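Here's a structure for you.
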Amino acid sequence: MTNLHNIVNKFIFKLSKSTKMSIKKIIIFPFILSILVITSGCNSSSDTANEISTNRKELTSLQSARTKWDSNSGQYYTIQSQRACECRAEMSALMKISILENSVISAVDINSGEAIPQDIWEGITTVNDLFDLIEKAIEDNISIEVTYNEKYGYPETAKIDVEQLAVDGGLHIILSNLDLQDSQSALDDVIWTLGSFDSIAGPQPVIENTNITLSIDMENMQLNGIGGCNNYSANFVLDSENHDITISNVISDQRWCEKPENTMQQEQNYFATLSQVRFFTFDKGTLNMVVGGDAGLHFVVTESSTEQQEINNSSDDLTLLQIARTKWDSNSGQYYTIQSQRFCECLPGMSSLMKVNVLDDSVISSIDTSSGEVISKVILEEIQTVDSLFTLIEKAIDDDISIEVTYNEKYGYPETTKIDVEQLAVDGGLHIILSDLDLQDSQSALDDVTWTLNSVDSIVGPQPVIENTNITLSIDMESMQLNGIGGCNNYSADFILDSENHDITISNVISTEKWCDEPENTMQQEQNYFATLSQVRFFTFDKATLNMVVGGDSGLHFIVAE
């Protein structure tokens, strides 16, 4: 009995006093009860035999399950956990927890998507913790109900002292959705914050009110973060077997931060040390990037407690923004499509769920996903691109305006953005949801829109298209054909594309045989267009315009069709 009492006290030593009292009851009550039963002489020998038999079965099941768990489990896993208790709401939330070497390194409320405060982590039970509690309960004849996962052996449901659960804090935990991973996967799942610079003289703390972070993108083999002032990125090569790592190409923004004092010197020291790192180690949920000997960088999981968020709200918002933007910049291309919906008191078309095509940070087209209709040009001018949304978020943070933002884990773009949410309904506060990102090579934009000739470029300057004529270009990348209207006739042509250099060769320009008398010179303009088109040698994009270049200053300048 004393054994379980001691183990539970160790397990909950960081919990609140009321919680400790509740768990102590689970030990004290059976102890007093057993004394009363013994002194009354009511225990029969058959009851004792039954208890022994039950304990043996429970212990056998536990040992079999634990052996299965030990044979399957790695150093790192994620699992869904929910605890039924009379306790803080966060403690009983359905959460996804990440465990590294039996230490909690992150926890997220699955329903709200919010991080679980770090003071709650101390009360979260890992699989190994739960095995220990179950074993001591069996040894001390405390009532338990446990079911073990058939494949991996972990306790899927664990109830300890279930008869008194509602009144004395008995343990009731449900675990599910286990995901076992190599320990190095933990690198990719959290934001690490520099705790200290390690040296032969001992740990050197980070300057107060500066924040140095590290995010590790295992898919792209890139590091991203904040150096204390500037966003940075770097490449790395990993030797999985030996935890060796080689970091190169550390590049950063060029801002200058005067405060706190020595911030820039600290940042340069950090970048220099980072580029010298040779291997890494984990120790109880901390990450040590080692240069050699006693030198290196000591990281901890980014703080997420409620108090910390309240104290450093703007700082945290800016940190998350910078990390997300660095991730976006490392992944994004010139061209992407994304679903966008804005909630506002505004033009009907503005609040539609729409698919938006963005080229060089300019919206080139948008379609209402429900009706399939093209969004009007007026609405296009009001649509936020990912980059413009980042700019609005940063401005709101600088101006201390209330924001709520969640960023896409893989690409960094803002999935939900609420700015000035308290006054959203009355003053035009921004509420946008982005989803279904599709990053593409910029040349894919050729295939997705109809282009309208805006001018014929020459050495004497741009020559406008004749008023009330319309010359268009559509590009079919699958059949490698051009189609459009030459101002009077429909036309088609073949083309060959050199994707790497944007070179294009156009041939076999053929058209229908109509004759258009008006506007004047329409037919001459059409023939000039066909002749110029067949001479085009390469193309360029510039802020959602398409330039088909013959050479020098001559060519065709297209814009997105109205």
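The values are calculated or read from the model by the stated rules, or taken from the named source; none is laboratory data. All figures in this text were calculated on a predicted structure; none of them were measured in a lab. Every residue, glycine as well, gets a Cβ built from its backbone with ideal geometry; the counts of neighbours run over all protein chains shown.
Could you list all residues from the stretch 506-557 that are touching a residue at least 24 places away in the same chain (Cβ under 8 Å), over 17 Å from Gly486 (Cβ atoms) and loosely packed, with under 14 Cβ neighbours inside 10 Å?
Thr540, Asp542, Lys543, Gly552, Asp553 - these are the residues of the stretch 506-557 that are touching a residue at least 24 places away in the same chain (Cβ under 8 Å), over 17 Å from Gly486 (Cβ atoms) and loosely packed, with under 14 Cβ neighbours inside 10 Å.
Could you list, in sequence order, all residues of the stretch 161-214 that are part of a strand (DSSP E or B), within 26 Å of the chain's Cα centre (by Cα) and at pLDDT below 85?
The answer is Asp179, Leu180, Gln181.
Scan the stretch 394-408 residue by residue and report those that are of a type outside the set (Ser, Thr, Tyr) and in contact with a Lys or Arg (Cβ under 9 Å, 6 or more places away or on another chain).
In the first step, residues of the stretch 394-408 are kept if they are of a type outside the set (Ser, Thr, Tyr); the result is 394-401, 403-405, 408.
Across the stretch 394-408, the qualifying residues are Glu394, Ile401, Ile403, Glu404, Val405, Asn408.
Here's another thing I want to ask about it. Return the residue satisfying two criteria in turn: it lies in the stretch 498-520 and is at pLDDT 85 or above and touching a helix residue (DSSP H, G or I) at 6+ places or on another chain (Cβ under 8 Å), and of such residues it is nearest to Ile475 (Cα to Cα).
Step by step, filter the stretch 498-520, then rank; the result is Ile506.
Let me ask something additional. Would the stretch 248-269 turn up any residue that is outside any strand (DSSP E or B), among the hydroxyl-bearing types (Ser, Thr, Tyr) and modelled with pLDDT of 85 or more?
yes
Let me ask something else. What's the total number of residues in the stretch 374-383 that are farther than 10 Å from Val358 by Cβ and either touching an Asp or Glu at 6+ places or on another chain (Cβ under 7 Å) or in a loop (DSSP other than H, G, I, E, B) (or both)?
5
What are the pairs, 6+ residues apart or on separate chains, where a residue within the stretch 389-402 that is free of Cβ contacts under 8 Å to residues at least 60 places away in the same chain has its Cβ under 7 Å from a residue that is part of a helix (DSSP H, G or I)?
Ser402/Val421; Ser402/Glu422
Just give me the residues in the stretch 76-123 being polar (S, T, N, Q) and more than 23 Å from the chain's Cα centre (by Cα), in sequence order.
Within the stretch 76-123, Gln82, Ser92, Asn102 qualify.
Restricting the search to the stretch 215-235, which residues are in a strand (DSSP E or B), free of Cβ contacts under 8 Å to residues at least 40 places away in the same chain and buried (at least 18 other Cβ atoms within 10 Å of the Cβ)?
In the first step, residues of the stretch 215-235 are kept if they are in a strand (DSSP E or B); the result is 215-217, 222-227, 231-235.
In the following step, the residues that additionally are free of Cβ contacts under 8 Å to residues at least 40 places away in the same chain were identified as 216, 235.
Matches in the stretch 215-235: Ile216 only.
Quick grid of which residues meet (1) at pLDDT below 75; (2) part of a strand (DSSP E or B); (3) at negative phi; (4) assigned by TED's automatic domain parsing to the domain that holds Tyr407:
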site	(1), (2), (3), (4)
Thr19	yes, no, yes, no
Ser22	yes, no, yes, no
Arg66	no, no, yes, no
Ile97	no, yes, yes, no
Ile134	no, no, yes, no
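State all residues of the stretch 332-371 that are at pLDDT 85 or above and more than 27 Å from the chain's Cα centre (by Cα); if no residue qualifies, say none.
Ser370, Ser371
Separate question: Would you mind finding the one in Ser112, Ser92, Ser46, Ser73 that is surrounded by fewer than 16 Cβ atoms within 10 Å (Cβ to Cβ), in the same structural domain as Leu171 (by TED's automatic domain parsing) and modelled with pLDDT under 75?
Values: Ser112 fails: modelled with pLDDT under 75; Ser92 fails: modelled with pLDDT under 75; Ser73 fails: surrounded by fewer than 16 Cβ atoms within 10 Å (Cβ to Cβ).
So the residue among Ser112, Ser92, Ser46, Ser73 that is surrounded by fewer than 16 Cβ atoms within 10 Å (Cβ to Cβ), in the same structural domain as Leu171 (by TED's automatic domain parsing) and modelled with pLDDT under 75 is Ser46.
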